[in-house]
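The values are calculated or read from the model by the stated rules, or taken from the named source; none is laboratory data. Everything quoted here is computed from the prediction, not taken from an experiment. Neighbour counts run over all protein chains shown; Cβ positions are idealised from the backbone, glycine included. With ligands, DNA and RNA removed, areas are computed over all heavy atoms of the protein, side chains included. Shrake-Rupley method; radii C 1.70, N 1.55, O 1.52, S 1.80 Å.
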Number of protein chains: 2
Amino acid sequence: MQVSRGMGEGALDDGRRAAVLSLVERTRRGGRASDQVFEQLLEAIRGLRLLPGQPLSETELARDLGVSRTPVREAIARLTDAGLVDVVPQVGTTVAKIRLAEVEEARFVRESLEIAAIKVAMPLAAADVAGLRRLIEDQRHALDAGDLDGLFELDEALHGRIFALSGHPGVWATVRRTKVHLDRMRRLVLPDRALISEVIAEHASIVDALESGDAIGGEDLVRAHARRVSALTPELTRRFPDHFA
Amino acid sequence: MQVSRGMGEGALDDGRRAAVLSLVERTRRGGRASDQVFEQLLEAIRGLRLLPGQPLSETELARDLGVSRTPVREAIARLTDAGLVDVVPQVGTTVAKIRLAEVEEARFVRESLEIAAIKVAMPLAAADVAGLRRLIEDQRHALDAGDLDGLFELDEALHGRIFALSGHPGVWATVRRTKVHLDRMRRLVLPDRALISEVIAEHASIVDALESGDAIGGEDLVRAHARRVSALTPELTRRFPDHFA
DNA sequence: CGCGGGATACTTGTATGCAAGTATCCCGCG
DNA sequence: CGCGGGATACTTGCATACAAGTATCCCGCG
């Protein structure tokens with residue numbers, strides 16, 4: 001029943017799909033099953049453990065996760081709103097392919113909001129420059145250790161803290177929502193150590209600009225940083241054609 | 001079973017609540033019941049036909065709308081994600097009160113993105129200045145006719161078209177999502193004719209700036225326009241204390 | 001051998017029934 | 001009259017059964 005895909009890495013056959021999702025200890029950890037299914041699927045899609053275009057059967061998901069279809073359906077409804085899942089009634093549900101239009105849109109949103117945030121944060125950033133530098137150090141360590149997941153989260157943490165410094169911590173949630181499509185592309189380039197090293201260097205430059213109060217330089221740096229992934233679009237669409245719509 | 005609320009206007013007793021929502025001709029118009037319930041509730045909340053803090057019973061909604069609880073639940077799950085509904089398990093569901101933190105966040109997002117958009121749209125806007133001016137004329141007519149709903153939609157249309165001109169039409173969807181909280185405050189001030197007249201005048205000024213290519217002026221105008229509602233916050237919280245968290 | 005049609009096995013959408021939990025109301029008691 | 005406790009009626013969460021529709025596969029026919 002699996003659609004044929006060109007790529008091998010990460011593609012799981014039916015029998016092993018349960019491995020990518022697990023709702024063990026559901027009762028112990030409390031909370032609604034619906035929410036946990038949502039979180040599981042969201043992270044699996046963001047982390048490319050569920051690949052773009054991969055079919056998702058409600059029945060199968062429910063069976064693998066040990067719940068009924070009801071909470072699965074509610075989670076899928078929310079993921080559909082987020083643009084991460086495509087549902088065709090009476091036909092099937094698939095993980096949404098990466099749509100370049102949405103990626104570009106997310107780039108615009110992220111770039112605009114982060115520039116606006118850094119302008120506001122500029123005079124206040126000195127207070128936490130130490131914390132920001134520590135995050136960058138952690139990123140270097142994660143890169144050396146090959147901890148891709150950790151790198152990803154540390155990247156998130158850095159940008160999130162910049163929004164917090166700007167006095168608009170809630171805006172980060174909005175950025176996160178729109179950024180999901182960008183994230184999947186970032187995942188694709190994550191194994192490129194040289195590139196990631198450059199990205200971390202850019203982080204350091206941004207923090208330098210924050211510390212020295214260089215507003216113009218900071219804006220340019222953030223802009224370049226946000227557009228880095230866009231520059232890689234041609235290569236990525238060539239290497240992973242099946243991932244894109 | 002209704003929670004006691006201080007306000008009288010717009011508050012409906014159980015028997016008449018069916019009036020604010022209707023799913024008539026559901027089968028004829030096609031589409032999923034879940035989606036239609038979502039749309040109905042979204043518009044009812046945005047339009048303050050369902051008031052902040054008002055309890056929503058899944059069973060009651062299902063009965064009034066002529067569907068089962070299942071599609072109602074899926075719609076509510078999506079609305080919860082949007083921050084428009086608060087669900088407390090085993091206790092009840094309510095229309096979310098207006099949270100000033102989210103309003104301020106939405107203001108920041110809207111202002112930042114609209115400034116970024118107008119900068120990009122500046123050189124391209126001349127092409128559709130006529131269309132923009134027509135929208136403003138329609139707004140004046142709607143104000144004269146007292147058509148509040150129409151005014152609201154025309155306002156949306158104007159800002160949406162600016163995003164379209166910027167080459168990032170999809171960003172408008174993001175703005176719309178975060179803007180919902182702002183919208184409810186806008187609804188509260190909508191009956192103020194003098195104020196609305198000023199708002200329309202600001203629209204005209206923005207279009208003027210677009211036509212003349214006045215980037216700096218355009219940015220300042222958009223900023224002032226976005227912050228107009230914020231200035232009214234104290235008065236609104238005083239006049240409608242029950243609407244705010 | 002190629003093609004068309006029908007049974008079949010899947011998909012999602014909806015309705016309903018049951019379970020668990022909480023707030024309320026009322027009655028009895030002090 | 002005030003207060004406490006228990007039955008009750010509500011709430012949402014989840015599981016299951018049924019309905020409607022579509023793609024596929026296979027068999028029969030030309």
Percent relative contact order for region B:33-101, counting Cα pairs under 8 Å at least six residues apart, stands at 39 percent
What accessible surface, in Å², does a 1.4 Å probe find on B:S205, ignoring ligands, DNA and RNA and rounding to the nearest 10?
-> 40 Å²
Where nothing but the Cβ of Lys and Arg (+1) and of Asp and Glu (-1) is charged, how large is the charge dipole of the protein assembly as shown around its Cα centre, in debye to the nearest 20?
-> 1180 debye
Other-chain or far-sequence residues with amide H under 5 Å of A:F244's (modelled H) = A:I98
Take the alpha carbon gyration tensor of region B:79-165, find the square roots of its eigenvalues, order them as a ≥ b ≥ c, and report rounded if a/c is under 1.5; if not, report prolate when a/b exceeds b/c, else oblate.
-> oblate
Ellipticity estimate at 222 nm from DSSP helix runs (n ≥ 4, -39,500 (n - 2.57)) divided over chain A, nearest 500 | -21000 deg cm²/dmol
With N residues in the protein assembly as shown, Rg(alpha-carbon) / (2.2 N^0.38 Å) equals 1.03
J(HN,Hα) series, region B:88-95, from Karplus relation 6.51 cos²θ - 1.76 cosθ + 1.60, nearest Hz, glycine and proline x = 10, x, 6, 10, x, 10, 9, 5
Projecting the Cα atoms of B:T174, B:A209, A:V229 onto the charge dipole of the protein assembly as shown, where Lys and Arg contribute +1 and Asp and Glu -1 at Cβ, the residue farthest towards the positive end is B:T174
Percent antiparallel among DSSP beta bridges confined to the protein assembly as shown, rounded to 5, stands at 85 percent
Any chance you could check the Cα centroid distance between region A:61-83 and region B:154-210 for me, in angstrom?
-> 35 Å
A correct Karplus calculation of ³J(HN,Hα) over region B:158-170, with 6.51 cos²θ - 1.76 cosθ + 1.60, θ = phi - 60°, whole Hz and x for Gly and Pro, returns 4, 5, x, 5, 4, 5, 4, 5, 6, x, 10, x, x
If you take the square roots of the eigenvalues of the alpha-carbon gyration tensor of region B:195-238 and sort them as a ≥ b ≥ c, do you get rounded (a/c under 1.5), prolate (a/b over b/c) or oblate?
-> oblate
Given 37 °C and 0.692 mPa s, how large is the Stokes-Einstein diffusion coefficient of region B:100-243 in µm²/s, with Rh as the Kirkwood radius over Cα pairs?
-> 214 µm²/s
Alpha-carbon Rg with Dmax, taken over region B:165-245, Å = 14.7, 45
Whole-percent pair-distance distribution, where bins are 5 Å wide, for the alpha carbons of chain B = 1, 6, 13, 16, 17, 15, 12, 10, 6, 3, 1, 0
One decimal, nm, shortest first: give the distances between the label point of B:P55 and those of the same position in the other copies, each label point 7 Å from Cα along Cα→Cβ.
-> 4.6
Describe numerically, in nm with one decimal, the distance between label points set 7 Å from Cα along Cα→Cβ at B:R133 and at B:E153.
-> 2.5 nm
For A:A194 paired with B:D144, estimate the spin-label separation in nm (one decimal), with each label point 7 Å from Cα along the Cα-to-Cβ line.
-> 6.7 nm
Amide H contacts under 5 Å for B:V85, restricted to residues at least 5 apart in sequence or on another chain and with H modeled in the peptide plane, are B:T80, B:A96
Could you pull the accessible area for B:V87 with a 1.4 Å probe, rounded to 10 Å²?
-> 50 Å²
Accessible area per residue of the protein assembly as shown at 1.4 Å probe, in Å²?
-> 45 Å²
With θ set to phi - 60°, apply the Karplus curve 6.51 cos²θ - 1.76 cosθ + 1.60 along region B:199-211 and write out the HN-Hα couplings as whole Hz, x wherever there is a Gly or Pro.
-> 4, 5, 4, 5, 4, 4, 4, 5, 5, 4, 4, 4, 5
Find the sum over both chains of the accessible area lost when B and A are paired, probe 1.4 Å, and report it in Å² to the nearest 100.
-> 2200 Å²
Every other copy gets compared here: list the nm distances from the A:A157 label point (7 Å along Cα to Cβ) to its counterparts, shortest first, one decimal.
-> 5.0
Taking the inverse of the average 1/r across all pairs of different Cα atoms in region B:152-202, what Kirkwood radius in Å do you get?
-> 11.9 Å
Run through the other copies and list how far each one's label point is from that of B:L195, in nm with one decimal, shortest first; the point sits 7 Å from Cα along Cα-Cβ.
-> 4.9
Residues of region B:116-156 that bury at least 20 Å² of accessible area, probe 1.4 Å, when all protein chains are present rather than the chain alone, are B:A116
How much accessible surface does B:L148 have with a 1.4 Å probe, in Å² rounded to 10?
-> 60 Å²
Most to least accessible of A:M122, A:M185 (protein chains only, probe 1.4 Å) = A:M122, A:M185
Length-normalised contact order for chain A - Cα pairs under 8 Å, 6+ apart - percent | 23 percent
Evaluate the charge dipole of region A:170-245 about its Cα centre and quote only its size in Debye, nearest 20, assuming +1 on the Cβ of each Lys and Arg and -1 on the Cβ of each Asp and Glu.
-> 560 debye
Drop in accessible area of at least 20 Å² in the complex versus isolated chain, residues of region A:159-177, 1.4 Å probe = A:H168, A:G170, A:V171, A:T174, A:R177
Nearest 20 debye, what's the magnitude of the dipole of chain A about its Cα centre given +1 on Lys and Arg Cβ and -1 on Asp and Glu Cβ?
-> 660 debye
